[in-house]
Amino acid sequence: MSLVLGRAEASGADLGVRLTGSGAPEAVHVPTSAQLAQALAAADGTVLLVDPHYVGHSHPLRMAIRDSRFAARRVPGALAVQEEALDALRALVAAAPEGPLPTPDELAAGLSAAGTEVRDLPLGDLVAAVPRTPGEHRAAAEQAAAVDEEAVRLAAAVKARDGFFTTFFVSTWSRYVARWCARRGLTPNQVTVASLLVALAGAAGAATGTRAGYIGAALALYFSFVLDCTDGQLARYAVDYSRIGSWLDATFDRVKEYAVYAGLALGSARDGDDVWLLAAAAMALQTTRHIVDFAFNETRAGGGGGGGGEGDEGDTGAGAKLSGKLDHVGWTVWARRMIILPIGERWALIAVLTAATTPRVVFVALLIGCTFAACYTTAGRVLRTLPRRRPQDPKVGAVLFALSDSGPVSAVAARVMRLPGIGGAVWLVPLALAAALLGFAAGEDAGAWLLAPAAAYALFAGAVVARPLTGRLDWLVPPVLRAAEYGAVIAVTARTEPEALPTAFGLLAVIAYHHYDTVYRLRGGHEPPPRALVWAVGGHEGRVLLLAALAAAGPRVLHTGMAAFAVAGAVVVVAESTAFWVRGARPDLDEADGGGRTAASAPKSRVPAS
């Protein structure tokens, strides 16, 4: 519903044109407060309130009516309120004293003062104004006419601070693909699915093990990444965000990349070169890197979701100071974005090497590059963290605990290992040593002795989470736990039954999906997966104990057990995850590594109360 707050004759000459161009529902004029209250009482869904003197472009109104990330949002002269905030708006209007009809800006200020969060939507160079004099009206109209609205929309569709490859080899033309899709009614979700299908076709090409198949895979990777960027640009261009779209975009990025890893391993096996160990290691390393990113950023976001920002607020260490200095040296900005191998650079590396070399070379280069990137970013973040003296907010500790993926065995061990003043990251060293010993001790004839390091791992896993994870280095807990578990799966399988490495790859893919799903929920400000689900799949320490028990029973039991757990785990985890994301609610506010389905979060409203 669109409501213009004033008489029809008071509206600007082109307001109707702007509303029509924004895609807003047909406007109804409400000249009095009583009629406004009646209209709101009958309203359902999103309501757009517009000042009759609005002057500017159509796109700000489109943003207000369609940006479903926020329950209430405004641009100058317009306020949009979704159903979950309508009761607050009705109460505000009902409580207003008799007098002039309030403006949308005044209603936004009233909602904000009453405790409803109202977001200011960023306009960039677009114009949205409410002039009160003929001179102001003329100036605003001239300012709007001087701005190419379409050019601004296209520019705003591209993410800020993208990587070098994405900026110069993809976004230069993918934005026009996004506009082409918008004009033909295609949705971002459809483009996301197309990107997945192209990548899967590339993985199938790589699996043939032929040079033609590898070249086809390289081309498919590039065009899949173009579509991956296009879906986010289309969402921003058309203001078409959705919760399931955010999930599909982020999840399919991982599915595409790891499917290509599997395709390369299959293709290499056809040539007699088994690289499943390298493929599993690459997947484990990349997943751990993403957990590092989110866990560290949560310590700066305060545990309220939205980890993933790039600001340096609160960082005063040597790393932050050096980064600040380098920000003033232009070429270093691009260099630092490239050496961390974001998705654009990573996919470009995979595509070029796939077309020109062998899968083994691809994985070795990928492991070297990602290892360097992980060391570079982690070292910098540790340097930023060390000067901090105050404990983290308890909300951060809760998020880090959710990321730890601790199960029932860990809960019991935590009671035993709750030592005064010792917890968190302090226990990571003995835990990592236990995981390494488990991998080293594995073998065809390891027997029951293999359970000893696994039991030690579980005991130390409980010690890690025995106390709240609020220490300054406790953000290292989730990624170290991921590296330890993934490394144990790979090492135990490689030493006990190398032929089961493809099965181990599949098992790791299921576990990684579960861990990514936890990240995506927390990043969107949602609750983590239910405790029952975490315990149903064992928690990380339960899975390590199960792995040791299967390996102790023999190579064939290990192979069969991992396959059964992978299938059962996939059914349970994916079913629960899909059910969660398909259920309504607003989309996430932050961007994943990749094309990114959402725009930067808008600031809270600063409208002064009047």
By accessible area (1.4 Å), largest first, E106, E98 order as E98, E106
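Hey, can you list the DSSP H helices of the chain whose Cα span along the axis is 24 Å or longer and whose average Kyte-Doolittle score is at least -0.5?
Numbers: long enough: 188-207 (29 Å, 1.29); 211-238 (40 Å, 0.60); 243-270 (40 Å, 0.04); 276-301 (37 Å, 0.42); 359-385 (38 Å, 1.13); 477-496 (28 Å, 0.77); 501-523 (32 Å, 0.44); 555-582 (40 Å, 1.31).
Length and hydropathy pass: 188-207, 211-238, 243-270, 276-301, 359-385, 477-496, 501-523, 555-582.
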In this structure, the FRET efficiency calculated for R531 and F168 from their beta-carbon separation, with R0 = 60 Å, to the nearest 0.05, is 0.85
Regression test value, accessible area per residue of region 1-142, probe 1.4 Å, units Å², expected 43
With every protein chain in place, the accessible area of E117 for a 1.4 Å probe, in Å² rounded to the nearest 10, comes to 90
With all protein chains in place and a 1.4 Å probe, R90 shows an accessible area in Å² (nearest 10) of 70
Expressed in square angstrom to the nearest 10, the accessible area of H137 with a 1.4 Å probe stands at 80
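Calculate, in nm to one decimal, what I422 and E136 gain on full extension: separation in residues at 0.36 nm each, minus their alpha carbon distance. Please list the in-between numbers first.
Values: separation 286, 0.36 × 286 = 102.96 nm, distance 6.51 nm.
Taking I422 through E136 to full extension adds about 96.5 nm, to one decimal.
Might you report the magnitude of the Cβ-based charge dipole of region 381-420 about its Cα centre, with Lys and Arg at +1 and Asp and Glu at -1, to the nearest 20 debye? Intermediate values should be presented prior to the final figure.
Working: 8 positive and 2 negative charges, 61 e Å.
Using Cβ point charges on Lys, Arg, Asp and Glu, region 381-420 gives about 300 debye.
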Interchain or sequence-distant (5+) residues whose placed amide H lies within less than 5 Å of the amide H of S2 are V28, L48
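Kindly work out what percent of the DSSP beta bridges joining two residues of the chain are antiparallel, to the nearest 5. Walk me through the numbers on the way to the answer.
On the way: 11 of 19 bridges.
Antiparallel: roughly 60 percent of the beta bridges in the chain.
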Distance in nm between R556 and E26 label points, each 7 Å along Cα→Cβ, equals 7.5
In region 382-471, taking the dipole from +1 charges on Lys and Arg beta carbons and -1 charges on Asp and Glu beta carbons about the Cα centre, the listed residue (L383, L419, A466) farthest towards the positive end is L383
Row for region 527-584, column shape: gyration tensor on C-alpha, a ≥ b ≥ c, rounded if a/c < 1.5 i.e. under 1.5, prolate if a/b over b/c, else oblate; value oblate
Once the dipole of region 420-550 is set up from charges on Cβ (+1 Lys and Arg, -1 Asp and Glu), the residue from the list T493, P430, A448 lying farthest towards its positive end is P430
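Could you order the peptides 140-148, 229-237 from most to least packed, using the average number of other C-beta atoms within 10 Å per residue?
On the way: 140-148: 14.2, 229-237: 28.0.
The packing order, highest mean first, is 229-237, 140-148.
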Checked against the positive end of the charge dipole of region 120-185 (+1 on Cβ of Lys and Arg, -1 on Cβ of Asp and Glu, about the Cα centre), the farthest of H137, A160, A182 is A182
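For region 73-114, what class follows from the C-alpha gyration tensor (a ≥ b ≥ c being the square roots of its eigenvalues): rounded when a/c is under 1.5, otherwise prolate if a/b is larger than b/c, else oblate? Walk me through the numbers on the way to the answer.
On the way: a/c = 1.90, a/b = 1.14, b/c = 1.66.
Here region 73-114 falls in the oblate category.
How many percent of the accessible area of region 340-449 is carbon or sulfur, using a 1.4 Å probe? Intermediate results must be reported in sequence, preceding the final value.
Numbers: 3940 of 5380 Å².
Roughly 73 percent of what the probe reaches on region 340-449 is carbon or sulfur.
For region 11-103, what class follows from the C-alpha gyration tensor (a ≥ b ≥ c being the square roots of its eigenvalues): rounded when a/c is under 1.5, otherwise prolate if a/b is larger than b/c, else oblate?
Details: a/c = 1.92, a/b = 1.26, b/c = 1.51.
Because a/c hits 1.5 or more and a/b fails to exceed b/c, region 11-103 counts as oblate.
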The size of the Cβ-based charge dipole (Lys, Arg +1; Asp, Glu -1) of region 512-581 about the Cα centre, to the nearest 20 debye, is 100
Computed about the Cα centre, the charge dipole of region 29-181 from +1 Lys/Arg and -1 Asp/Glu charges at the Cβ has a magnitude in debye, to the nearest 20, of 460
Probe 1.4 Å, heavy atoms of protein chains only: per residue, the accessible area of region 343-384 in Å² is 39
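What full-extension length gain, to one decimal in nm, is calculated for A145 and R583 as 0.36 nm per residue of separation minus the Cα-Cα distance?
Details: separation 438, 0.36 × 438 = 157.68 nm, distance 4.22 nm.
Full extension of this stretch gives 153.5 nm more.
The values are calculated or read from the model by the stated rules, or taken from the named source; none is laboratory data. What you see is a predicted model, and the numbers here were worked out from it, not measured in a lab. In this analysis, Cβ positions are derived from the backbone assuming ideal geometry, glycine residues included, and neighbour counts consider all displayed protein chains. Note: areas computed on protein heavy atoms with side chains; ligands, DNA, RNA excluded. Shrake-Rupley method; radii C 1.70, N 1.55, O 1.52, S 1.80 Å.
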